[in-house]
Amino acid sequence: MAKKKSVTVYKCSECGYSQPRWLGRCPQCGSWNTLEECISDPNSTAAAFGQGAAEKVKPVPLSSINAQENARLLTGIAEFDRVLGGGATKRSAILIGGEPGIGKSTLMLQTAARFQKTAALARGGDASPRLLYISGEESAGQIKSRADRLQLDVTGIEILCTMRLEDIKDALTALNPLFVVIDSIQTVYSVEAGIVPGTVNQLKYCANELIGWVKERDSVLIMAAHVTKEGTIAGPKSLEHMVDTVISFERNDDEVRFLRAVKNRFGSVDELGIFAMTETGLEGVADPSTMFITKRTGSIPPGIANTCVFEGSRSFLVEIQALTVPAKASLSRVYSDRIDSARVARVAAVLEKRTGMRFSDQDLYINVAGGVKLTESAIDAALAAALYSARTDLALSEGTVILGELSLAGEIRPVPRLKQRIKTAKDLGFNHVLSPEKEAGAVQTGDIKSLVKALFGK
């Protein structure tokens, strides 16, 4: 479909009257020198939402701009706010991707209900409808049934079940909501881009129209998206550069869900939100310190090592599990989906070079209890201890936590926030802490040989 050409008009700043040429006096309100040059673009987002001509954009000095303060809206879910960097930023678009059935719709509905309650309290109890929930996958009855099952108060939430972008535009113009949820963006289509939803052109066109709307208002837009079998966001992968925040919704084999920011223009991408799926929906796990440590009644088996990791501002202990078996082929392999397999191979190579323990003829299996993915270098020393323990079939002593980064020369290097990690381990009853630096309550191990000696003796 051919695009319409934009034209220049002159709009009165007092009454909004517009005409194609400049006049000294407005014919409608009689004001002098109020006609300003504007661009009337029929293809723009402003025209699409019935705003007519837009003022011509002119550059201004950056030093004259006032920085936005307190421009965040709390969603009412602490773990969600943590990942967003302290709440949802006004005039921002958020994209949440997750596999089917993981609980995206549940999270969106809970966020809508709790945000409405939080906003009502902030307005002094006024529960006027300022939240719009748009669903293209479920009917209003199905959404209400889920809300009843989750025991959510949906007072003040406006529901719109449609897939047409034009209907969504009309609702946004009429309601002017403070919070907008799109579940999901793949289902939205516009006749301007065809009638088949889910295509790349449809996604880009519809998302651009919705993002353009939210950028002009003090509102927040959240769009849910599906992922492919490979775990990447389907279709909306092309939307990641358009939105302000991209959040990945993941889960392990249990009923634990992880919320992690892949992109965040207004906060850190290091924070991790942890949820537990319960009968009343997703509940945030405020203290995950003991969540990823296996509780055993007997002795610790070989191949188990504990370490302390940081995810954003929180520290918690994790259990690394290792298993080594003779390679079934001439080439050994590394099986690890929670820790990068290249890191596992590098640590095994350092062990083989510096301690003489052979790993080149072994298949290596690495797992992390609880299903959390580990990326920071502070886990190197614990990973080395788990591999050595699995290879020698010697178990570590109970209550041991190992900290440190392993260099190719076999040195165990310091890691950030070492004191906080030691304190976390001590608070949870782990009395034997091995640290690369001399700290109170820890045993110093400067290289891989001293680490092996401290753990397993001579």
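The values are calculated or read from the model by the stated rules, or taken from the named source; none is laboratory data. Only a predicted model underlies this, so the values are computations on that prediction, with no experimental measurement involved. Here the Cβ is made from the backbone with ideal geometry for all residues, glycine too, and neighbour counts use every protein chain on show. Quick note on the areas: whole protein, heavy atoms, side chains included, nothing else; ligands and nucleic acids left out. Shrake-Rupley method; radii C 1.70, N 1.55, O 1.52, S 1.80 Å.
Considering only residues that are of a type in the set (A, V, I, L, M) and free of Cβ contacts under 8 Å to residues at least 60 places away in the same chain, look in segment 319-341 and name the one that is farthest from G85 (Cα to Cα). Within segment 319-341, the match that is farthest from G85 (Cα to Cα) is A329.
The sole residue among E352, E398 that is over 30 Å from L259 (Cβ atoms), open to solvent by 10 Å² or more (accessible area, probe 1.4 Å) and assigned to a loop (DSSP other than H, G, I, E, B) is E398.
Does segment 412-435 include one or more residues that are in a loop (DSSP other than H, G, I, E, B), of a type in the set (G, A, S), buried (at least 17 other Cβ atoms within 10 Å of the Cβ) and modelled with pLDDT of 90 or more? Steps first, please.
Start the filter on segment 412-435 by keeping residues that are in a loop (DSSP other than H, G, I, E, B), which leaves 414-417, 428-431.
Retained after the next criterion (residues that are of a type in the set (G, A, S)): 429.
Next cut, buried (at least 17 other Cβ atoms within 10 Å of the Cβ) only: none.
Within segment 412-435, none of the residues are in a loop (DSSP other than H, G, I, E, B), of a type in the set (G, A, S), buried (at least 17 other Cβ atoms within 10 Å of the Cβ) and modelled with pLDDT of 90 or more.
Checked against (1) at negative phi; (2) modelled with pLDDT under 95, I402 passes all but a single condition, namely (2).
With respect to the conditions (1) in contact (Cβ under 8 Å) with a residue 60 or more places away in the chain; (2) more than 27 Å from R114 (Cβ to Cβ); (3) open to solvent by 60 Å² or more (accessible area, probe 1.4 Å), P301 lacks only one, and its number is (3).
Within segment 319-344, the set of residues being surrounded by fewer than 18 Cβ atoms within 10 Å (Cβ to Cβ), charged (D, E, K, R) and in a strand (DSSP E or B) is empty. Among the conditions (1) open to solvent by 50 Å² or more (accessible area, probe 1.4 Å); (2) assigned to a helix (DSSP H, G or I), N66 misses just one, which is (2).
For V180, indicate whether it is touching a Cys at 6+ places or on another chain (Cβ under 8 Å) and open to solvent by less than 40 Å² (accessible area, probe 1.4 Å). For V180, the condition - touching a Cys at 6+ places or on another chain (Cβ under 8 Å) and open to solvent by less than 40 Å² (accessible area, probe 1.4 Å) - is not met. Taking segment 292-313 as the range and being touching a helix residue (DSSP H, G or I) at 6+ places or on another chain (Cβ under 7 Å), among the hydrophobic types (A, V, I, L, M, F, W, C) and either in a loop (DSSP other than H, G, I, E, B) or farther than 13 Å from R417 by Cβ (or both) as the test, the residues that pass are I304, A305.
Restricting Y388, Y365 to those that are open to solvent by 50 Å² or more (accessible area, probe 1.4 Å), over 29 Å from V269 (Cβ atoms) and at pLDDT 95 or above reduces the list to Y365. When the residues of segment 183-198 are filtered to those that are in a loop (DSSP other than H, G, I, E, B), in contact (Cβ under 8 Å) with a residue 24 or more places away in the chain and in contact with a Cys (Cβ under 9 Å, 6 or more places away or on another chain), the one that is nearest to A224 (Cα to Cα) is V188.
Taking (1) open to solvent by less than 60 Å² (accessible area, probe 1.4 Å); (2) at pLDDT 85 or above; (3) of a type in the set (A, V, I, L, M) in turn, A54 satisfies each apart from (2).
Of all the criteria given as (1) at pLDDT below 60; (2) open to solvent by less than 60 Å² (accessible area, probe 1.4 Å), the one not satisfied by A2 is (2). Looking at segment 75-97, can you tell me whether even one residue there is free of Cβ contacts under 8 Å to residues at least 12 places away in the same chain and farther than 16 Å from G284 by Cβ? No: segment 75-97 contains no residue that is free of Cβ contacts under 8 Å to residues at least 12 places away in the same chain and farther than 16 Å from G284 by Cβ. Does at least one position in segment 253-275 carry a residue that is outside any strand (DSSP E or B), farther than 24 Å from L387 by Cα, open to solvent by less than 50 Å² (accessible area, probe 1.4 Å) and touching a Phe, Trp or Tyr at 6+ places or on another chain (Cβ under 9 Å)? No: segment 253-275 contains no residue that is outside any strand (DSSP E or B), farther than 24 Å from L387 by Cα, open to solvent by less than 50 Å² (accessible area, probe 1.4 Å) and touching a Phe, Trp or Tyr at 6+ places or on another chain (Cβ under 9 Å). Being at pLDDT 85 or above, among the small types (G, A, S), under 17 Å from K104 (Cβ atoms) and over 15 Å from the mean Cα position of the chain (by Cα) holds for only one residue in A224, A207, and it is A207. Scanning segment 158-177 for residues that are open to solvent by 30 Å² or more (accessible area, probe 1.4 Å) and either under 25 Å from T111 (Cβ atoms) or in contact (Cβ under 8 Å) with a residue 60 or more places away in the chain (or both) returns E158, I159, L160, C161, M163, R164, D167, D170, T173, A174, L175, N176.
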